[in-house]
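Just below is one structure, and these are the notes that go with it.
The values are calculated or read from the model by the stated rules, or taken from the named source; none is laboratory data. Source: prediction; values computed, not measured. Neighbour counts run over all protein chains shown; Cβ positions are idealised from the backbone, glycine included.
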Ligand code: NDP
């Protein structure tokens, strides 16, 4: 806190991880001697840069760009870019820090990084988004590379933005390489990458239920958000027989007792780039509520898929009072520390984001493998690998939790399992 004043999201993420690592540090005094935790919380490199661009009216706009290259002990930096007006260094650092452990849990050779900008793509024309992306990449290109740092999408960065960023990278460097993931299918993208975070979230939720002799079939599910992760979490949950009854955006939430009509949501969000409230114009039996409140809906399974700190202690207590069985996080750190404590205290089946949403980055790593081989795998092949990875993550986090006398505590399990591989790699590589 003294070294990084004002970075409240980063302090929150680091506090949670460092607290759960205490028993590991006790067991491994060599980590302390090597100042491992002190090194772990300090990014290897942190970039901040100016992004000037010209809007459709001819006005010059100036945004800030960030890339935090946090930890490369087990592979090149890997993690998304977020374009949202709330972006600041504290948010990028929390995301980059979480990414270190998440990427380790995938079992694939990827380090942790994150980046983005306070640019808001909402309401901008395609031309403006392109102008911004080209300017952003004109600085970023010198810091990234297929073996150095490989960004991807996140909030506000989808296929359109990745395409513009990739085009500019190629134009400047004259290299056709796997420098970004989430690319379009005509230029090196992987089948199932778009679906991967949401699908992976549901695969691991199903695995957790299976371990408790239960299934998703017939469960009532509430999903927050209506972006990439929320849409494909809904799709997979529906395919597995669950009934998803709610979705949201930053303005409000919809409730559809009969189950969400996902084709309609895709039309609104992916084609029209509209707002979730437009849903009730077509589905007139569904309800739209302005503002927060999605967690007041009674459900069996809650899948927060919007953004950090969207679910606080009161929301957690409401969900528990209404009988929630399982909570799994598609978003990064959607639950506050207080909410997390409520879930753990009340023995709710709960998987934190760094384990539950790791399917996205895992499939990005599979995209890098395909690019390196100059091959494309089928949807089924990628999807099958994704399922295997999520089942393996569940196994790792439950084994680590049990090994440290906290069976079922997957916050502890995910942090410890993710940490150990990175820590051992850092020890082997000396004081760097
Ligand atoms: P999108 O931009 O596609 O969607 C984001 C959704 O969250 C939108 O519905 C958005 O609503 C809502 N949202 C964003 N900010 C806020 C806010 N401050 N308050 C309320 N709602 C908000 O992003 P993704 O679906 O890709 O990302 C969602 C979450 O999943 C993020 O936490 C991201 O870090 C995480 N994640 C994403 C991965 C991926 O592969 N895409 C991988 C792993 C994690 P609105 O339109 O109103 O802004």
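Some notes on this structure:
- Unmet criterion (only one of (1) part of a loop (DSSP other than H, G, I, E, B); (2) over 22 Å from the mean Cα position of the chain (by Cα)) for residue 245: (1)
To keep it simple, each residue is scored yes or no on (1) more than 17 Å from residue 62 (Cα to Cα); (2) assigned to a loop (DSSP other than H, G, I, E, B); (3) within 14 Å of the chain's Cα centre (by Cα); (4) away from the ligand (no atom under 14 Å from the Cβ).
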site	(1), (2), (3), (4)
85	no, yes, no, no
90	yes, no, no, yes
99	yes, no, yes, no
108	yes, yes, no, yes
112	yes, no, yes, no
122	no, yes, no, no
131	no, no, no, yes
136	no, no, no, yes
140	no, no, no, yes
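- Of all residues in segment 224-232, at least one satisfies being touching a residue at least 40 places away in the same chain (Cβ under 8 Å) and at positive phi.
- Scanning segment 12-41 for residues that are within 24 Å of the chain's Cα centre (by Cα) and touching a residue at least 24 places away in the same chain (Cβ under 8 Å) yields a count of 11.
- Among the numbered conditions (1) closer than 24 Å to residue 86 by Cβ; (2) crowded, with 19+ Cβ neighbours inside 10 Å, the only one that residue 337 does not meet is (2).
- Verdict on residue 311 being under 22 Å from residue 351 (Cα atoms), within 10 Å of the ligand (Cβ to nearest atom), in the same structural domain as residue 220 (by TED's automatic domain parsing) and at pLDDT 95 or above: no
- Of all residues in segment 10-33, none satisfies being touching a strand residue (DSSP E or B) at 6+ places or on another chain (Cβ under 8 Å) and modelled with pLDDT of 95 or more.
- Any chance residue 388 is out of contact with any strand residue (DSSP E or B) (no Cβ under 6 Å at 6 or more places or on another chain) and crowded, with 20+ Cβ neighbours inside 10 Å: no
- Count of segment 145-181 residues which are surrounded by fewer than 24 Cβ atoms within 10 Å (Cβ to Cβ) and assigned to a loop (DSSP other than H, G, I, E, B): 10
- Count of residues meeting criterion [within 10 Å of the ligand (Cβ to nearest atom) and out of contact with any strand residue (DSSP E or B) (no Cβ under 8 Å at 6 or more places or on another chain)] in segment 248-272: 4
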